[in-house]
Each structure stands twice: as C-alpha cells, then as structure tokens.
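This report refers to the structure that appears directly beneath it.
Bear in mind these aren't lab numbers, they're just calculated from the coordinates by the rules spelled out. Just so you know, these numbers come straight off a predicted model, no measurement behind them. Note: ideal-geometry Cβ built from the backbone for every residue, glycine included; neighbour counts use all protein chains shown.
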Amino acid sequence: MIRAFVEELPEKGTFCLEGEEAFHLIKVKRIRHGETVELLNGKGGRASCYVNEIKKRVVLLEVSDSQSESPDPPLGLVLGLPVQLSTLSTMLPGLVQVGVTHIYLVETEFSGRLRKADKAISRLDSILKQSLKQCGRSWLPEIQTLKLIDLVSTLDSTPFGHGHLFHPGGKPWSEIRDKLKMSSPIISFIGPEGGFSPNDLETIESWNTESIDLGPSILKLETAAVCTLFRLKQELDSLKQ
C-alpha cells in the first residue's frame, strides 16, 4: 500500500497533493495514473484515493472514501535521552509499529542534553510520520522533550495512572501479568545508556511505579525500549481476548 501523510484529511473529490509528500510519491514510489494511495493525518483519519493526474511537482488525487478511527489505548514510554541522538532514528520506527501513544524523552543525570534534542525535534517528528506511513497505523504518537523531574511532577495530569520502572533488582516480569487487568493505563520508564542514577530513581519512585527486572542480560537502550513495549502490548492485547 502506498501512503502519504497530510496534516488535514481532505473531503471526497479532487485533492491536490504538493510538497515533500508529492515529491516522494513521484520520485521515490514512482506512482502511475490510476494507482491507489492512502492518506493518513496521524489523528485517526485515513482516506482512500486513486491517482488522477501526475504533474512535475503535484499529484492530483481523487478521494473516494474516508474514515476516522478511535485512538489506541494509552501506552506510554519515558526514555532517558541517548547521548547520541542518532540512536532515536533506529528506535522510533519500532515504537510506532508497536503502538506506543506517548513518548517522553527526558533529561536525567546520565542522559544526553535537552538542548540537542530540542533542536532535533522536527527531524524526530518526521521520522514518526514516515514510520506511520510504513506500518499503516492511523494515530501518530505524541512526543515531548523535558526534564525527568518536570515530567514526574505532571504525570497525574496525563492518561497514565501506573508506571513500570525497568531496572535491575526489580520484580520478575512473570509477577506483573495478573496485575495488568487491574491497572490503569501504563507508562514505562527506561533509562539512558548509563541507567538511572539514585536521584533519578528516587524521583521516579515518588510516583506510582513498580520496579521490573528485565533479566541478567545487559540490553542496549533501543533493544530494551522496543522489546519491552512490544511484550507489554502483547500482554495487554491478550487480556482483551
């Protein structure tokens, strides 16, 4: 399926797609007249179209049908900023595919710095949009950059009521499954490459969190984030069946 991202979903009828998305369809996807294109707006909307005309930098689409999908249940991740922001380029697509709805990139004692992340936020948002098109989900994750202490102080105003702190010495994973049925939406805390400092842990544990151990292996940041959220999503989905 060929997909394109638009800020606002068009009504039925002719729609003129311009800019980078049109360029991508023409030069990268090499679309042809009559081919089907799906438009996503990252807010639950998707529209089915076919290519009516291709110009030099514009694609004229005929919108045949559109629909709006309900958002996924909240699934959050608090991630210590990696020192090398390029790590996020390989990690974010996996988080989109898994179905993470909220991503908080936080500055901790051992993490990268906010000033670098803030400068890169536009590029990170672009990665999320490209990943959304690739996997076909209809809701774009929210992404924010802030200090850990600032996030924890505002968590009560987010959709989340319970947190899992993934850190050595916590409870084994097997002990959390039965509690998932009773828990409000969960947000997971995963530290940067150097882990959470004692001060960071004190800040996190001042909120409603439970410490979980991921086992004896030392996992890279991107491995821990994607694999942990995938497993958690699988557990939550299985409880609905």
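With unit charges on the beta carbon (Lys/Arg positive, Asp/Glu negative), name the residue among Ile26, Leu61, Leu40 whose Cα is farthest towards the positive pole of the charge dipole of segment 2-68.
In segment 2-68, that residue is Ile26.
When the C-alpha atoms of segment 1-141 are aligned to their principal axes, what extent does each axis show, in angstrom, from largest down?
Principal axes ranked by extent give 54, 33, 20 Å for the Cα atoms.
For segment 191-233, which semi-axes, largest first and in whole Å, follow from the square roots of 5 times the eigenvalues of its Cα gyration tensor?
Those come to 19, 14, 9 Å.
Can you list the residues, at least 5 places off or on another chain, whose amide H is less than 5 Å from the amide H of Ser211, using H built in the peptide plane?
Excluding prolines and chain starts, which carry no amide H, the hits are Leu165, Lys171.
Using the Cα centre of the chain as the reference point, and only Cβ charges (+1 on K/R, -1 on D/E), how large is the resulting charge dipole? Debye, rounded to the nearest 20.
Once rounded to the nearest 20, the dipole reads 900 debye.
Once you've got the Cα coordinates, tell me which of Lys29/Lys116; Lys27/Lys56; Lys171/Lys233; Lys27/Lys55 are over 21 Å apart.
Table pairs above 21 Å Cα-Cα are Lys29/Lys116.
Taking amide H positions as placed 1.01 Å from N in the peptide plane, with prolines and chain starts having none, which residues 5 or more places from Gly45, or on another chain, fall under 5 Å of its amide H?
Glu69
Looking only at segment 139-167, which residues have a backbone nitrogen under 20 Å from a spot 7 Å from the Cα of Ser70 in the C-beta direction?
139-142, 159-161
Across the Cα atoms of segment 59-133, what radius of gyration and what greatest pairwise Cα-Cα distance (Dmax) are found, in Å?
15.4, 52
What's log10 of I(q)/I(0) for segment 76-240 at q = 0.11, 0.15, 0.21 Å⁻¹, Debye sum over Cα points only, no solvent?
-0.41, -0.79, -1.64
Rounded to the nearest 500, what is the chain's calculated 222 nm mean residue ellipticity when only DSSP H runs of at least 4 contribute -39500 (n - 2.57) each, over all residues?
Mean residue ellipticity, 222 nm, calculated: -10000 deg cm²/dmol.
When the convex hull of the Cα atoms of segment 2-68 is projected onto a plane and the area is averaged over all directions, what value comes out in nm²?
Averaged projected area of segment 2-68's Cα convex hull equals 3.8 nm².
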